[in-house]
Structures are given as C-alpha cells and as structure tokens.
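One structure is given here, and the rest of the page talks about it.
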Amino acid sequence: MVADGVMAATQYLTFRLGDEVFALDISKVREVLDFTTVTKVPRTPAFLRGVINLRGSMVPVADLRLKFGMTMTEKSVNTCVIITEIEVDGETTLLGALADSVQEVIELGADALRPAPRIGTRLNTEFIKGMGKQDDGFIIVLDIDKVFSSDELSLVHTVQAGQDATGVPER
C-alpha cells in the first residue's frame, strides 16, 4: 500500500515456537485465547490436535510446532491459541494455531521484509512471506493461507463441519 509515496507498514502479531519468533499479518488474526481443552478428532494428522468450542462454533486447532517438524506443544502458563482466518476454497474458515507464547504486535514496512531464503529446490518455503529483523534475531513472517496444503485445508474444513477425516458425520 502506498500513501503519498510512502510505503505503509503492516502490523504483525509475533509469537514463539521454541526459540524462534514467528509473525502473522494482524488482519488474519481474529483473537488470542488461553490454551483450553482440545477434543481429539479420530483419524486426523498429528498436527491437527482436535477442536475447541468457540462460543458455540467448532474450531480446529493445529499445532504449528508439529507442522514445522518440532516437538509437540506442551501446555504452560503462556501457551495460547491464535484464532486465525484462512481461505479454504474461496471460503473464510477459522483455524486455531497453538503457540508457546504471544509476544507483541509490531509494524514492519515492506522494505523491512526480506524474501525467505532459498534452501535447495526440495524444501518448500512458499508459506514464508518474508523474514523481518528484530534486535539480533529474525522474525519469520508466515502466510497462514499457505502453511497448510490444500488437502490439509480441506481436512480442516471437514473437521469444522463436524465430520471425521473420512467425511463421515460424527455422532
């Protein structure tokens, strides 16, 4: 976005997974909740921890640590669920993302974001919108719509509709 020839900064919610700091565009974040009871859904991938009840709606919860090849998120006083809005087949769907802790909301201009590093041709980094610099470290800015494959997003949509991973309605 350009206003009077100046690039507008975008706000990001930063959060921790292990020692790494990640960020999501604040426009994709609906709210942040304390970690609560998650009901496991049968025959779903390990990263899909289950569903939570959000004011009468069933919201799938993904463990980003597992999705990124880390160990499972352990519940602590800082563990939270970031409720995000993702696009599935042109439809907006809610998805909870487990995080070790939420840090802060920051602003990064387009000039502060660097492209994701290219690490060979076999590693898919298209879900990384860019890398931002903060103090002595980096912030990995995620494109939440691209973190999950289309098959995984379809599965999330199925789970949210109250069916198990096979598409059979749960009783």
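Which FRET efficiency value, to the nearest 0.05, is calculated for residue 43 and residue 110 with the Förster distance at 30 angstrom and r the Cβ-Cβ distance?
Working: r = 42 Å, r/R0 = 1.40.
Taking R0 as 30 Å, the efficiency between residue 43 and residue 110 is 0.10.
Counting pairs on different chains as well as pairs 8 or more places apart, how many Lys pairs in the stretch 2-160 have Cα atoms under 23 Å apart?
Here the count comes out as 11.
Could you give the length gained by full extension between residue 125 and residue 8, i.e. 0.36 nm per residue of separation minus their alpha carbon distance, to one decimal place?
On the way: separation 117, 0.36 × 117 = 42.12 nm, distance 2.51 nm.
Answer, rounded to one decimal: 39.6 nm.
Since every read-out is calculated from the coordinates, none of them should be taken as a lab result. Remember, predicted model here, so these are calculated numbers, not experimental data. Here the Cβ is made from the backbone with ideal geometry for all residues, glycine too, and neighbour counts use every protein chain on show.
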